[in-house]
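Here the structure comes first, spelled out in structure tokens, and everything after it is commentary.
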Amino acid sequence: MDIIRLLPDSVANQIAAGEVIQRPASCLKELVENSLDAGADRVQVIVRDAGRTLLQVIDNGSGMSTTDARLAFERHATSKIREAKDLYSLRTMGFRGEALASICAVAQVEMQTRRAEDETGTLLEIHGSDVIRQEVCSCPVGTNIKVSNLFFNVPVRRKFLKTDQTELRNLLNEFYRIVLVYPKVAFTFVHNDEILLEMPAQSEKQRIESIFGNPSRNSYTAGLVEIRTETELVNIHGLVVKPESVTRKAEQYFFVNGRYMRHPYFLKAVQTAYAGMLSNDYQPSFFIYFDIDPESIDVNIHPTKTEIKFADEQTIFQILMASVREALGKFTLAPQIDFDTRGSIDIPMPSEHETSMPQVTVDPNYNPFHSRNTYSPSQPAPRQWESLYTGLKPETNVIYPNATEINLQIEESFSVWQYADRYILTATEGGLLLINQHRAHVVILFREWMEQMSETQGAMQQLLFPEVVELQPDEMLLMAQILPDLKTIGFDLEQLSPNGYSILSVPARLTDQSPQPILQHILSQVRERNASTQAEWREQIALSLAESAAIPYGRSLSPEEMKDLVSRLLHLPTYLRTPDGKTVLTRLSDDEINQRF
Ligand code: ADP
Ligand code: MG
């Protein structure tokens, strides 16, 4: 008996949908890409309940004839390629003709569409691949497609959706990846009747500002510098963050021929260009656009995958790195500290046997100068130079045994001077070190508070007379979120009223300061920096506390205090910048000093 049967289309489509449409964000991506492929210059996205209930995309693109509207929902129905060789000269986002077939298999879809040359449009309603309704309708030129109740017939998938907050973030991230390459198209994004983004046709730079800027803060793009390189192989342009404007949250975007891509190997090229300019735990933000002959990349990969294979990745790695370096070189005023850049740079090789993409594991601590021993062998290894401070403050050695960020050499009995009640000066091997006293202390205290939050309950000091802190409604919400973390460092708060807390205890180390301004500062930092995860608000808490307690400018310090500060600082794993990216120390090399005479 023969047992093989062809699956009915509706079943095949549902299976395909499992791959193409994994969540609301992938559905949105397909719909918006279709609008762009149809030449729209205005696209509206309307979402309800993070896409669970409704995902609607309205465009003013070409629209479809009645026949095409019906065909569009068939599997492998596409207007974008005709034969295999077309794949290599793709200028559209879509080409597989599976998206609409997949979407209508797992949702309730209603579409209205009209071409400019037609008097009337077509209305189609499809539920789980079944055409429920097809009518003539009157509608504007373009396409308006509503996808309701995604996965209504696949309960398992529906169950796997994350919280609305997470799904909405996924939607927005997917949306950014598209709108960043189509600045000339106007977009709006509405969620539960609230306009989250409204962007006119604009320049690339303005588009970045529209998305990541915050009108109440300094311009986001002012912290970026342009890169531009044109070679026979590839043209690269875009914006990368200035080292002094680096923030905690890195936005990292590569695009190739108008598509977003992930590329761990090229990411490493960018990181390498920043080597020595960022503290180890910081990542650079960048928006980099590659233009390359479509024949030299392979996009015929899975639609939900964002990796793209290039023909000549090592050369592009070098071009990219040089281009970012050049841009940074132009704009970095701060002298580079102690990196010998004369040696050649290791370019990691993609492995030979790769089929799809180079597998490069990204080590965020990667520093090409450390792996090549460009220091003279006579210099003590980082571990040894701890001993330079024995007797000074031995307990700090225990916490951070590996101080390797830069190899600053300081004489065993080092001298310190204070300048302008603001900077600490000390000699290092081959140069003079200038350290900002306040920022140095911020870095040290920040680490201490971070450790406290991740480890134990901090010592508390009960207040004899509980104080009250009054808050605005949104601050009350924030406070409720961060309360458990405040508790671990020693704040005990009790909600007193709908708009206030009473402060019962404070961290023992803060008893000489008034707690309300500190709490207010913490809240405003958490809010301003948009800290939305526990890790992020912990950092803001630690940073606020460190800033409030750090040695201020204008205080004169004794040599002992300064030595203590310097040795604690240099024993931290990272100390070049404060957590919010400000320069902590700088070095004047002997050469630089001598040149002045
Ligand atoms: P693909 O985009 O890979 O071709 P889709 O399933 O996404 O496959 O779409 C099928 C076809 O439907 C497209 O090739 C296009 O001709 C048509 N189509 C889809 N969306 C739109 C739209 N918004 N405007 C005009 N035509 C569209
Ligand atoms: Mg498509």
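The values are calculated or read from the model by the stated rules, or taken from the named source; none is laboratory data. Worth saying up front: this structure is predicted, and the values here are computed from it rather than measured. All Cβ positions, glycine included, derive from the backbone under ideal geometry; neighbour counts span all protein chains shown. Heads up: the accessible areas ignore ligands, DNA and RNA and are worked out on the full protein's heavy atoms, side chains in. Shrake-Rupley method; radii C 1.70, N 1.55, O 1.52, S 1.80 Å.
Of note:
- Converting phi to 3J(HN,Hα) with the Karplus coefficients 6.51, -1.76 and 1.60 and the offset θ = phi - 60°, segment 290-298 yields 9, 10, 8, 4, x, 5, 9, 10, 10 Hz in sequence order, with x at every glycine or proline.
- For segment 514-535, the residues whose backbone nitrogen is under 20 Å from a point 7 Å from the Cα of L483, taken along Cα to Cβ, are 515-527, 531-535.
- Anisotropy class of segment 9-201 from Cα gyration tensor, a/c 1.5 cut: rounded
- Taking other residues whose beta carbon is less than 13 angstrom from the beta carbon of D492, and scoring Lys, Arg as +1 and Asp, Glu as -1, yields -2.
- Stretchable slack from N149 to L425, in nm (0.36 nm times residue separation minus alpha-carbon distance): 92.9 nm
- Placing +1 on the Cβ of every Lys and Arg and -1 on the Cβ of every Asp and Glu, with no other charges, gives segment 104-148 a dipole of roughly 140 debye about its Cα centre.
- Each label was represented as a point 7 Å from its Cα along the Cα-to-Cβ direction; for E226 and E244 these points are 2.1 nm apart.
- Span per principal axis, largest first, for the Cα atoms of segment 392-597 (Å): 66, 31, 30
- The slack in the chain from Y553 to D68, taken as 0.36 nm per residue of separation less the alpha-carbon distance, amounts to 167.5 nm.
- Taking a ≥ b ≥ c as the square roots of the eigenvalues of the Cα gyration tensor, an a/c ratio of 1.5 or more together with a/b larger than b/c marks segment 204-264 as prolate.
- Coupling constants for segment 195-207 follow from the phi torsions by the Karplus curve (6.51 cos²θ - 1.76 cosθ + 1.60, θ = phi - 60°), and in residue order they are 7, 8, 9, 9, 10, x, 4, 8, 7, 4, 5, 5, 5 Hz; glycine and proline get x.
- Which listed pairs, of K29/K249; K146/K309; K159/K487; K159/K249; K80/K184, have C-alpha distances above 27 Å, in listed order: K146/K309; K159/K487; K159/K249
- In order along segment 489-495, phi translates into HN-Hα couplings of 9, x, 8, 10, 10, 10, 6 Hz, rounded to whole numbers, per the Karplus curve 6.51 cos²θ - 1.76 cosθ + 1.60 with θ = phi - 60° and x for Gly and Pro.
- Heavy-atom SASA rank of W449, W417, W537 (probe 1.4 Å, accessible area, largest first): W417, W537, W449
- Stretchable slack from D590 to E470, in nm (0.36 nm times residue separation minus alpha-carbon distance): 37.8 nm
- The listed peptides 56-67, 435-446, 462-473, 543-554, ordered by packing as a protection proxy, come out as 435-446, 56-67, 543-554, 462-473 (highest mean of other Cβ atoms within 10 Å first).
- Sparsely packed trypsin sites (Lys or Arg not before Pro) within segment 1-110, loop by DSSP, other Cβ within 10 Å at most 12: R5, R82, R91
- Taking a ≥ b ≥ c as the square roots of the eigenvalues of the alpha carbon gyration tensor, segment 171-308 is oblate, as a/c is not under 1.5 and a/b does not beat b/c.
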